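Trainee: Let me begin by handing over the structure; questions about it come next.
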Amino acid sequence: MSVFNEYARYYDLLYRDKNYRGEADYIHKLIREHRPGARTILNLGCGSGRHDQYLEELGYAITGVDLSEEMLSAAQNASINNNKREYIHGDIRSVRLDKTYDVVLSLFHVVSYLVTNNDLKSAFLTAKAHLKPEGLFIFDCWYGPGVLTDPPTLRVKELEDETISVTRIATPILYPNDNTVDVDYRISIRNKHDGEAKTLQETHRMRYLFIPEIVEYLSYAGLSPLFFSRWMETAPPNDTTWNLCVGAKR
Ligand SMILES: C[S@@+](CC[C@H](N)C(=O)[O-])C[C@H]1O[C@@H](n2cnc3c(N)ncnc32)[C@H](O)[C@@H]1O
């Protein structure tokens, strides 16, 4: 079952200011460098399809897979009458589409939602199973050295659109012996027209990763690491890096 339940309904508002276009451009650059000529993408944990929209504009045909029906229906609604994007309900630890792609992506910490070693190995096997020879796998995740140097703290985010105002309080609990963080999300939503208010709560368990274990699980799945960089940069990560970008080849 997906942890993205009711949270999904407010996802696009909560991440309204996230630079999806800039991120799609960054991915496009990496693809041109490491898999020139690529045309097809499988996006594992595509969510509401925000990267897909921009990647499609850059000329790619995209298949998105996600476990959350709510996130997928947002992606589907945004791509109605569109034949360069398709969305499929599935678990990235086990889904098999019987098709291969030039590139497999998994963006915005999807891999950090895989908290056990077996989950990680299974998802990497899924990536491998859907890659053409020489195909490229790119994902990002929480990076252990950065998380431990600057541990997560309580954060409050307030947003509104023409109908609702939303306050999200994120309270993290770090489990350093498990390399995980439980992020407790409490979300209060108020309808600006009738004043009706409700709150919801979800806990997202996240795993932070270290390069040697990533190398191990990639090689278990038959993938060779190509690069490790800071997300949205080309520089190597260091102990202030929270978000790691990883590239691997089949
Ligand atoms: C933080 S969101 C990122 C969504 C999207 N990639 C983006 O950049 O906006 C994490 C997504 O991973 C999906 N997810 C988590 N675990 C999954 C799994 N095992 N199989 C498929 N999707 C999963 C969630 O449903 C959610 O849509």
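Trainee: Name the strands (runs of 3 or more DSSP E) wholly within segment 133-250 that hold at least 1 residues that are surrounded by 16 or more Cβ atoms within 10 Å (Cβ to Cβ)?
Mentor: 164-175, 180-191, 197-207, 224-230, 243-249
Trainee: Continuing with this model, one more query. Please find, within segment 50-104, the residue that is most open to solvent (accessible area, probe 1.4 Å) out of those that are within 8 Å of the ligand (Cβ to nearest atom) and under 15 Å from Ala24 (Cα atoms).
Mentor: Arg50
Trainee: Among residues belonging to segment 106-119 that are more than 23 Å from Ile62 (Cα to Cα) and not in a loop (DSSP other than H, G, I, E, B), point out the one that is most open to solvent (accessible area, probe 1.4 Å).
Mentor: Here is the first cut: in segment 106-119, the ones more than 23 Å from Ile62 (Cα to Cα) are 115-119.
Next, from what is left, pick out any that are not in a loop (DSSP other than H, G, I, E, B): 117-119.
Numbers: Asn117: 70, Asn118: 104, Asp119: 29 Å².
Looking at the filtered set, the residue picked out is Asn118.
Trainee: Among the numbered criteria (1) within 12 Å of the ligand (Cβ to nearest atom); (2) buried (at least 19 other Cβ atoms within 10 Å of the Cβ); (3) touching a residue at least 40 places away in the same chain (Cβ under 8 Å); (4) not charged (D, E, K, R), which single criterion is violated by Ile31?
Mentor: (1)
The values are calculated or read from the model by the stated rules, or taken from the named source; none is laboratory data. Predicted, not measured: the structure shown is a model, and the values here were computed from it. In this analysis, Cβ positions are derived from the backbone assuming ideal geometry, glycine residues included, and neighbour counts consider all displayed protein chains. Ligands, DNA and RNA are stripped out before the accessible areas are found, and what is left, the full protein with its side chains, is counted by its heavy atoms. Shrake-Rupley method; radii C 1.70, N 1.55, O 1.52, S 1.80 Å.
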